[in-house]
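Taking it in order: structure first as structure tokens, then the write-up.
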Amino acid sequence: MADKAKEAIAFLQKTSDASGGTVYDHLAAVVGKILEDRPDGAVDLLETTLLVKKTQYNPKDTPVVLPTKQNPKDTARAVAIAKLYETPEAPIDPETGEPEEVEPPNEFETENILSDAAMFAAVGVGFSQTEWYSIMLTIKNLGEDPIKLLKTVRFFGKFFGIKSDYYVFEATLQEEPEPPEEEADPNIMPPEEPGTGANSYTYYVCQQLGGPVTKLPPVTPTQITVARQIKKFLIGDLKSEVSAFPPFPGVEANFLRAQISRIAATTVICPLDFFAVGEDEVTLERSEEFEPKDATEMVLPENWCHRYPHIKPQGRCVWWAPPPPEEDEEGAEDYEEPEPQESPELLATLDADAVVVPSTGGAGLPANVPPGEDEEAEEDPKGVPAWSKLQSSAVPSVQYQVVGLRSNLWPGSVAVCAGASFSNVYIGYGLKNQRLIPPPPPAVNQEWKAPEDEEGNPTYLLMESNELPPPPEEEVPEDEEEEED
């Protein structure tokens, strides 16, 4: 009998591989707790006591929490946001201990960002309220910079990239820089001067609100022409190469600048009669006779007009004609001056915009039909309108309604209007919603052919030679040559 009791106690004292405890210790703790408290319903509380003992906290069972590896991008984002929201303080002079004198902030004009954000939110477009507030603070820091000396600043939009995104800000300078005095080739199409045409505005970008801001270079006609022939996503690195055909003349900063010019010229719009063309037929002036229209009228494209000049097929807003050849040059007799490329007038209404044939083929035009094989479909494509209406409410009797238009040619470009207030924004990938026919690759070079005589026989033949080339001469070190001298 005693041996069986010892065997039973030994069995109860076996250590568990999972918890490290024994049944003997567990039962001893439960029985000791009952004898210590001596409750009335000891039998009824036995099951509850076992459950509490099993599920009680044990510090030895808690796993060790190891520190996680921080992402440098997350750290930089947190530092930029913290710096964006902090109150600027004047630097302290270490000698006197008093605040140093700082330059006064630059005075500039901008839009009411939070009011515009409310209009965009009414039609379901835009960012969160926190992101809009960060955009407003970024515009404040950019406009008040005493070094950049900006006259106006406007939030253009956000471009999505594969690795990083771009926040784009449109600005004008108080004094436009003078073009460099370099002798340009008269036969090469020059870019438009700063403050005119496609370079009317200066654009700044940042990849994180509150982070460093980079000024984009001016755009050239060649960059716009090549950008129209390619379609690709942005990487998120301004210095990265643009891998496409035909080869793009520049890096991603130049490609982004070309896309901004194309989008701005097509989708930045304003209510009809809000501006009037100045005497120079280039600048716009605020019209004093403007009267806001009803919301039911502002959803019609004919009540909106393009605010920026159209970019011609040659990549400029102002026509440039190459100089005629001189009398001594070849082809001077047959030279004909090219006809100027026509463009829509400034402040042209949107109802004249062409129908959009989407990249998926559109309605009635399959995507796999190459150009030229379906002439009827190309002459009269059954696409979609260039603009779609936006409304904050479908009920006509709602007062203070926000309405606008959405571009179907450049998805992500939106214009909203509420009374006399309006605003534009672009939020997208920088891709045009239109069927793209890439240009064919260059012709393959012909094989080399030996020159022929009058009878058509080659003047010499290429034959395989068995003779070895002469051995190279041994190089004499410079030190030995000096010693011989």
Legend entry - region 149-174: number of residues that are assigned to a loop (DSSP other than H, G, I, E, B) and closer than 20 Å to Ala80 by Cα: 4
Inset, instruction - Starting from residues that are open to solvent by 30 Å² or more (accessible area, probe 1.4 Å) and at positive phi, keep the ones in region 267-325 and report whichever is modelled with the lowest pLDDT. - result: Glu281
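Please specify each residue of region 227-244 satisfying the condition of being open to solvent by less than 50 Å² (accessible area, probe 1.4 Å) and under 23 Å from Pro411 (Cβ atoms). Please lay out each step first, then the result.
Of all residues in region 227-244, those open to solvent by less than 50 Å² (accessible area, probe 1.4 Å) come to 227, 230, 232, 234-236, 238, 240, 242, 244.
The answer is Ala227, Ile230, Lys232, Leu234, Ile235, Gly236, Val242, Ala244.
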Inset, instruction - May I ask you to list the residues in region 131-147 that are farther than 16 Å from Ile427 by Cβ, out of contact with any helix residue (DSSP H, G or I) (no Cβ under 6 Å at 6 or more places or on another chain) and open to solvent by 20 Å² or more (accessible area, probe 1.4 Å)? - result: Tyr133, Lys140, Asn141, Glu144, Asp145, Pro146, Ile147
Inset, instruction - Give the residue that is most open to solvent (accessible area, probe 1.4 Å), with candidates limited to residues of region 175-226 that are under 19 Å from Asp165 (Cβ atoms) and not in a loop (DSSP other than H, G, I, E, B). - result: Lys215
Inset, instruction - Mind listing whichever residues of region 401-438 are open to solvent by less than 10 Å² (accessible area, probe 1.4 Å) and part of a loop (DSSP other than H, G, I, E, B)? - result: Trp410, Gly430
Inset, instruction - Tell me, please, whether a residue that is part of a loop (DSSP other than H, G, I, E, B), of a type outside the set (D, E, K, R), open to solvent by less than 70 Å² (accessible area, probe 1.4 Å) and modelled with pLDDT of 80 or more can be found in region 455-477. - result: no
Inset, instruction - For region 248-256, indicate whether the set of residues that are crowded, with 19+ Cβ neighbours inside 10 Å and in contact (Cβ under 8 Å) with a residue 60 or more places away in the chain is non-empty. - result: yes
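Being touching a strand residue (DSSP E or B) at 6+ places or on another chain (Cβ under 7 Å) and either open to solvent by 10 Å² or more (accessible area, probe 1.4 Å) or under 24 Å from Arg406 (Cβ atoms) (or both) is the requirement here; does Lys151 meet it? Let's see the steps before the verdict.
On the way: touching a strand residue (DSSP E or B) at 6+ places or on another chain (Cβ under 7 Å): yes; either open to solvent by 10 Å² or more (accessible area, probe 1.4 Å) or under 24 Å from Arg406 (Cβ atoms) (or both): yes.
Against the criterion (touching a strand residue (DSSP E or B) at 6+ places or on another chain (Cβ under 7 Å) and either open to solvent by 10 Å² or more (accessible area, probe 1.4 Å) or under 24 Å from Arg406 (Cβ atoms) (or both)), Lys151 qualifies.
The values are calculated or read from the model by the stated rules, or taken from the named source; none is laboratory data. Since the model is a prediction, treat every value here as computed from it, not as a measurement. Positions of Cβ are backbone-derived with ideal geometry, glycine not excepted, and every protein chain shown enters the neighbour counts. Each accessible area value is taken on the protein alone, full model and side chains, heavy atoms only, with ligands, DNA and RNA left out. Shrake-Rupley method; radii C 1.70, N 1.55, O 1.52, S 1.80 Å.
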